[in-house]
Amino acid sequence: MLKYFAAALLCTVLAVPALAQSVKKLDPALDNVIAPGTKIEKVASGFIFIEGPMWKDGTLWFSDVRMDKVRTYDPETNKVTVILNDSGGMKNAPPTGNFGSNGMITDKDGSILLTRMYIGAIERMDDKGNTKPFLSKYEGKRLNSPNDLVFTADGALWFTDPSFGLADMDKDSKKEIKFNGVYRYAGGKLTPVITDMTQPNGIGFSPDGKTLYVSNSMPDMYLRAYDVAADGKLSNPRAVIKYPGSAPDVPDGLKVDSAGNIWSTGPGGVRIISASGKVLGQLIVPETVANVGFAEDGKTVYLTGSTSLYRLHSKIAGEIPMYYRK
């Protein structure tokens, strides 16, 4: 999650598909994932930089990072609604920094765990936007700016904690933890499981839970895989793919589908990558895509572009989150 735009815009709901989006096939196996001729439609626009798509109870929830809001999109009414203002924890945050909220996920009680970047915390939020503390410190030190998060089948919460929400990133005086880490929270204990990635960002697991995927945004841009033991310990780190290009168009969020393909954002669009590391295709829209979210029965896919929300349909369902509420 990086900065892209600074000017405030008004939300606009679009009823007709845009023409500048496309699906680029790089391997015949893409036809097993996305049907030939599939269109990508733009369904809402007028944001500054959106992130964290999550499906819950018939609506898509997402963060407008630069506008510092949590919003929902209702596909039945085509309506965008603001659920939470000052979503990153700063009152009236300027649109010049990444001070808003980012990733979110539904917990087992139906509440939402929301990453609030400005205050370096994950907080619990209800459907009306009321929040209360959940996680904010490691060994007494504030987290940097929690970004993306996922539950595993054992109920453990995993999340990335880069420094994008700090005004001066790694040089910021508010930064208390030396590394930018990936954490596992289980049994009331918070454990850093990766500390050698410079800016860990997107996170996801293979359908069997035995492989962890994490994207690194900068300066080196890559997607890394790890073997995961039953107790959550990681081993065998390896690069799945390295990305061309340079910031601000960087690897960001990712999701995994039920066949084990990784839908990874990055320079040039969303890459659909097989578990063996082969790039099957790219989803291309006329702006940077920060994240991907599977919705409804898992075969509706939303892309959070910088200023717009896009949608397409896949043949394979996404890997459904642990506490998914359709």
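The values are calculated or read from the model by the stated rules, or taken from the named source; none is laboratory data. Please read these numbers as outputs of a predicted model, since none were measured by experiment. Glycine gets a Cβ as well: all are built from the backbone with ideal geometry, and neighbour counts include every protein chain shown. Side chains included, ligands, DNA and RNA excluded: accessible areas come from the protein's heavy atoms. Shrake-Rupley method; radii C 1.70, N 1.55, O 1.52, S 1.80 Å.
Taken together, D107, D126 contain a single residue that is free of Cβ contacts under 8 Å to residues at least 24 places away in the same chain and of a type outside the set (F, W, Y), which is D126.
Identify all residues within the range 182-204 that are open to solvent by less than 20 Å² (accessible area, probe 1.4 Å) and either of a type outside the set (A, V, I, L, M) or part of a strand (DSSP E or B) (or both); write none if there are none. Of everything in the range 182-204, those that are open to solvent by less than 20 Å² (accessible area, probe 1.4 Å) and either of a type outside the set (A, V, I, L, M) or part of a strand (DSSP E or B) (or both) turn out to be V182, Y183, I194, Q199, P200, N201, G202, I203, G204.
Only one entry in D148, D170, D154 is modelled with pLDDT of 95 or more, under 20 Å from the mean Cα position of the chain (by Cα) and not aliphatic (A, V, I, L, M), namely D148. If the condition is being assigned to a loop (DSSP other than H, G, I, E, B), open to solvent by 50 Å² or more (accessible area, probe 1.4 Å) and within 16 Å of P200 (Cβ to Cβ), then the range 219-238 contributes P219, D220. Under the condition of being over 14 Å from T81 (Cα atoms) and surrounded by 22 or more Cβ atoms within 10 Å (Cβ to Cβ), the residues counted in the range 54-70 number 4.
The sole residue among I262, I241, I272 that is open to solvent by less than 30 Å² (accessible area, probe 1.4 Å) and in contact with a helix residue (DSSP H, G or I) (Cβ under 9 Å, 6 or more places away or on another chain) is I272.
Among the residues of the range 71-100, those that are open to solvent by less than 20 Å² (accessible area, probe 1.4 Å) and among the polar types (S, T, N, Q) comprise T72, S87, N98.
If I filter the range 213-220 for residues that are within 20 Å of A317 (Cβ to Cβ), touching a Phe, Trp or Tyr at 6+ places or on another chain (Cβ under 8 Å) and at pLDDT 95 or above, do I get at least one hit? Yes, the range 213-220 contains a residue that is within 20 Å of A317 (Cβ to Cβ), touching a Phe, Trp or Tyr at 6+ places or on another chain (Cβ under 8 Å) and at pLDDT 95 or above.
Given V256, V289, which one is out of contact with any Asp or Glu (no Cβ under 7 Å at 6 or more places or on another chain), among the hydrophobic types (A, V, I, L, M, F, W, C) and surrounded by 22 or more Cβ atoms within 10 Å (Cβ to Cβ)? Steps first, please.
Values: V256 fails: out of contact with any Asp or Glu (no Cβ under 7 Å at 6 or more places or on another chain).
One residue alone meets the criteria, V289.
Note on the range 293-318: residues that are among the polar types (S, T, N, Q) and either outside any strand (DSSP E or B) or open to solvent by 10 Å² or more (accessible area, probe 1.4 Å) (or both) amount to 3. Among the residues of the range 107-162, those that are of a type in the set (F, W, Y) and open to solvent by 20 Å² or more (accessible area, probe 1.4 Å) comprise Y118, F134, Y138, F151.
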